[in-house]
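Working notes, beginning with the structure itself.
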Amino acid sequence: MAAECKEGERSAGQEELSEAENEPRADGKEADGRGDGGGQERPAPPNGSQNRCAVSTSNGATEHKGIFTPFRALGHVTNEVPFAVQAMGSEHFLATSVGNAFHIYETGKLGLVLVGPFSESPITALVTSGELTYFASGTEIVCCRRAKEVRRQPNTGEGNIMRFNAGSVVFSLTLFGEHLITLTEDNAMRLWHSANGELYAEVEFPDYFTANTIVHPSTYLNKVLVSSREGGMQLWNIRTKGNGIRAALLDPCNSHVHVNRCSKIVYDFSRFPTAVTSLVQSPVVDVIAVGLLDGSIVLHNIKVDETIMTLHQEGRVTAVSFRTDDQHVMATANAQGDVALWDLEKRQLRHMIKGAHDALIPSLHFVQGQPLLITSGADNAVKEWIFDSQDGGARLLKMRGGHHAPPTLVRFYGEDGTTILSAARDRSLRSFSVVRDQQSFEISQGSLAKKAKSYNVKVDELKLPHITHFSANRLRLAVLAIRCVLIMFSPDPAKQKDWDNIITVHAGAGVGRTWSLQRKTLGKHTLKMTDNTIPRTTAISACGNFAFMGSVNGLIDMFNIQSGLHRRTFGGTD
């Protein structure tokens with residue numbers, strides 16, 4: 001259930017804007033005025049329930065819960081579900097899954113445009129067409145026009161939302177003209193009328209062919225290519241002459257494949273040695289990129305059933321994309337978060353983006369006709385890479401992200417309650433805006449990307465140990481557990497511009513560090529206890545001039561924040 005307490009409210013997906021981007025708009029509105037976010041007007045509370053919130057349920061009804069019900073989700077950008085890209089005129093939009101809802105971003109600045117309605121089950125697949133977004137949630141397929149649910153019209157194309165039951169859990173969605181193709185966990189492929197949700201065609205695969213990916217080959221009328229976990233591929237005509245009968249019959253070509261009368265198998269390809277994990281149409285007609293579990297990328301001509309070339313990367317292939325400008329480049333991704341760029345003319349590796357993400361990369365997409373690559377990762381980040389260097393390499397242009405490890409410490413910052421500071425096991429310290437998502441960011445720890453590239457390690461490995469505890473002066477406590485370290489923030493706004501205003505203590509570290517929220521960066525001062533022990537707590541004086549750190553031995557050391565010099569020691573054996 002997702003709580004909806006005001007019209008226009010939405011669960012916020014936290015994003016991060018690179019330093020190269022422009023500042024957010026001052027009026028606080030979302031790009032293109034599309035920030036409606038799927039909220040609904042709150043009904044008047046009953047007598048004695050003024051402190052309760054209206055909660056939307058899966059059947060569209062609302063029920064009143066206590067004050068400690070979920071209201072907004074901060075920190076979600078994407079997950080392991082592949083994103084969907086839709087071009088509308090000169091603009092491109094990105095639909096990502098954030099669990100039980102979806103977000104849509106415009107790719108120009110990766111600004112959040114809208115947030116979809118809450119679904120009862122996690123979203124497992126996404127496709128988009130114009131203003132329509134289709135997503136699979138459990139056994140249901142839901143179609144939304146933009147994101148605001150007005151009414152439900154089951155089995156009709158009217159209204160702003162349509163949903164129908166696929167019969168089994170859906171893990172793949174493909175738009176096929178006016179139809180929608182699903183692959184489900186009961187090892188079946190079904191063709192649905194996208195307008196009304198009626199079943200048009202159905203194929204039940206045998207046990208030796210476990211369907212897992214599907215693609216529509218370019219220019220192949222009414223045909224789809226389906227791959228399996230066993231390494232097989234089959235070409236199917238799913239719209240032969242007929243009206244689409246639901247009754248399953250036996251295909252005379254294969255007595256083990258159940259089909260209906262409007263679908264038939266066209267060709268059964270030779271098996272690959274390992275499971276197929278990805279199928280992507282190349283810019284060349286008849287040529288399909290086949291990603292395999294063993295890291296092989298096969299360019300296969302399906303017209304003559306011949307392999308053109310085979311490349312190999314480290315780790316299983318999770319995504320493939322092709323440049324569509326004047327460069328013959330193919331990008332592939334793996335489960336370790338790396339992106340490989342291949343020169344198809346020379347048939348060799350051109351560039352490697354090591355640690356592009358900190359987890360599996362489910363999606364790659366080259367923007368049509370542009371040297372821009374969009375990637376998403378299970379590390380809760382969407383990134384845009386631009387190819388503008390002479391060596392053909394890519395550099396990070398912009399990104400949006402949140403924590404990719406569980407948050408452990410969260411506090412409101414400031415008296416207005418619009419900013420939240422949080423620390424997590426991913427060794428980051430982030431600022432989240434509860435008003436405008438584009439104002440959220442990670443506080444920088446320096447030029448770690450260049451160091452990570454030269455050392456051939458991931459950026460997270462070079463960050464400070466995770467922050468284990470913090471608190472704030474005259475700030476409202478948010479949530480989550482407190483263990484062994486304290487952070488205090490200067491309450492004086494004027495001092496924020498003059499010097500650092502955050503003190504942190506880290507797990508296993510013998511020093512405390514200062515930070516500047518105004519400059520969004522790690523400070524220059526390193527504070528060490530006089531008894532050479534690991535500091536446990538810190539605090540900042542009300543005036544904002546002095547920092548205090550306490551040790552396990554009962555000592556409290558006072559430092560000048562502006563200079564970082566030690567000023568005094570308090571405490572003793574008592």
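Tabulated data for the structure shown
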quantity: Listed residue pairs exceeding 24 Å between alpha carbons, taken from LYS398/LYS520; LYS303/LYS354; LYS109/LYS524; LYS398/LYS524; calculated: LYS303/LYS354; LYS109/LYS524; LYS398/LYS524
quantity: Where the Cα pairs of segment 313-401 fall when distances are cut into 5 Å bins, in %; calculated: 3, 16, 29, 28, 17, 7, 1, 0
quantity: Difference of contour (0.36 nm per residue) and Cα-Cα distance, GLN562 to ARG347; calculated: 71.7 nm
quantity: Mean Cβ neighbour count within 10 Å, used as a protection proxy, ranking 172-180, 373-381, 224-232 highest first; calculated: 373-381, 224-232, 172-180
quantity: Sum of side-chain charges, THR375 neighbourhood, beta-carbon under 11 Å (Lys, Arg +1; Asp, Glu -1); calculated: -2
quantity: Long-range HN-HN contacts of ALA424 with modeled amide H, under 5 Å; calculated: THR408, ILE467
quantity: Peptides ranked, highest mean first, by Cβ atoms within 10 Å: ranges 425-431, 507-513; calculated: 425-431, 507-513
quantity: Rough spin-label spacing in nm, given labels placed 7 Å along Cα→Cβ, for VAL169 and THR526; calculated: 4.9 nm
quantity: Placed amide H near LEU429: partners under 5 Å, 5+ positions off or other chain; calculated: ILE443
quantity: Extended-chain gain in nm, criterion 0.36 nm per residue less alpha-carbon gap, LYS451 and CYS543; calculated: 29.4 nm
quantity: Note, ³J(HN,Hα) from phi for segment 416-426, Karplus 6.51, -1.76, 1.60, rounded to Hz, x at Gly and Pro; calculated: 7, x, 9, 10, 10, 9, 9, 10, 9, 5, 7
quantity: Net lengthening on full extension, TYR267/GLU178 (0.36 nm per residue, minus Cα-Cα); calculated: 29.6 nm
quantity: Amide proton proximity set for ALA125, modelled H, under 5 Å, gap of 5+; calculated: ALA136
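All of the numbers you see were taken from the coordinates with simple rules; none came from a lab. Please read these numbers as outputs of a predicted model, since none were measured by experiment. Glycine also receives a Cβ, built like all others from the backbone with ideal geometry; neighbour counts cover every protein chain displayed.
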